[in-house]
1. For Asp77 and Arg9, compute 0.36 nm times the residue count separating them, minus their Cα-Cα distance, and round to one decimal in nm.
2. If you stretched the chain out fully between Leu35 and Arg22, how much longer would it get, using 0.36 nm times the residue separation minus the C-alpha to C-alpha distance?
3. Cβ neighbours within 10 Å, averaged per peptide: list 134-145, 89-100, 22-33, 58-69 in order, most packed at the top.
4. Ranking request for peptides 34-42, 114-122: highest mean number of other beta-carbon atoms within 10 Å first, then the rest in descending order.
5. Ignoring any ligand, DNA or RNA, what whole percent of the accessible area of region 18-154 comes from carbon and sulfur when the probe is 1.4 angstrom?
6. For region 8-40 and region 99-153, what is the separation of their Cα centres, given in Å?
Amino acid sequence: MQGRKTTTRAFRIDETVDRQLREWAEREGVSVSFLANKALRRLVEWDMYADRFGFIAMPREALSRMIELLSEDEVRDLGRWAGEDVYRAFTTFMFKHLDLETVLEVIPKLSSRYTRAFEYEEKRDGSRTVIVLRHGSGHKYSLFYEEMARALFADLGGRGIRTEPQENAVVLELSNPPKPIAAEGVSFGSKHGLPSTEKPARSRNVPT
């Protein structure tokens, strides 16, 4: 919270909620204010939009089983649909417009933080941005996230994007900064030369 401006606000809460907050704060070694602020931040950054857009919670085991029952082509179709018809629309709904900056806001700060569908890593140098979506859920999930990313980033900013699905992660590479010559659409390059991200698979939550 350092460097952030804060304000003091008084409001009434149920005694049961207050007791549970105090118990949880003591157990976690944090303040009640920290927990309340965390909950309110989730409300204004995610829940208000996700609820109205129809997102639901689902046990990761159930979703994993459904993904495994699909063929690879069906998984890719599902990923393209999610990118085109769900996440692009959700980004526009949340930010009132769709561009590269809002997409990059939704993926790490909202989707990975609140749905815990994957871990987000980002590395930048003078010429490129490399993003790793690490999910730990196997090859078919990598195909799903690859197609979702292709559809989500399509036609944004005129940047080329390369994708590489790995066993438990997907690597995305974006040119940085935008190319000076306008390009129609987004070109998807070969899947060679992207950094390896493989780690032993660990249990992750999956998208809701």
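The values are calculated or read from the model by the stated rules, or taken from the named source; none is laboratory data. Model, not experiment: these values are computed from the prediction. All Cβ positions, glycine included, derive from the backbone under ideal geometry; neighbour counts span all protein chains shown. Surface accessibility is based on the protein's heavy atoms, side chains included, excluding ligands, DNA and RNA. Shrake-Rupley method; radii C 1.70, N 1.55, O 1.52, S 1.80 Å.
1. Values: separation 68, 0.36 × 68 = 24.48 nm, distance 4.75 nm.
Contour length minus Cα-Cα distance gives 19.7 nm.
2. Details: separation 13, 0.36 × 13 = 4.68 nm, distance 0.93 nm.
Full-extension gain reported as 3.8 nm.
3. Values: 134-145: 22.0, 89-100: 15.2, 22-33: 11.7, 58-69: 13.2.
Ranking, from highest mean packing down: 134-145, 89-100, 58-69, 22-33.
4. On the way: 34-42: 13.4, 114-122: 17.0.
Top to bottom by mean Cβ count within 10 Å: 114-122, 34-42.
5. Details: 4020 of 7640 Å².
Roughly 53 percent of what the probe reaches on region 18-154 is carbon or sulfur.
6. Using only Cα atoms to place each centre, the spacing works out to 32 Å.
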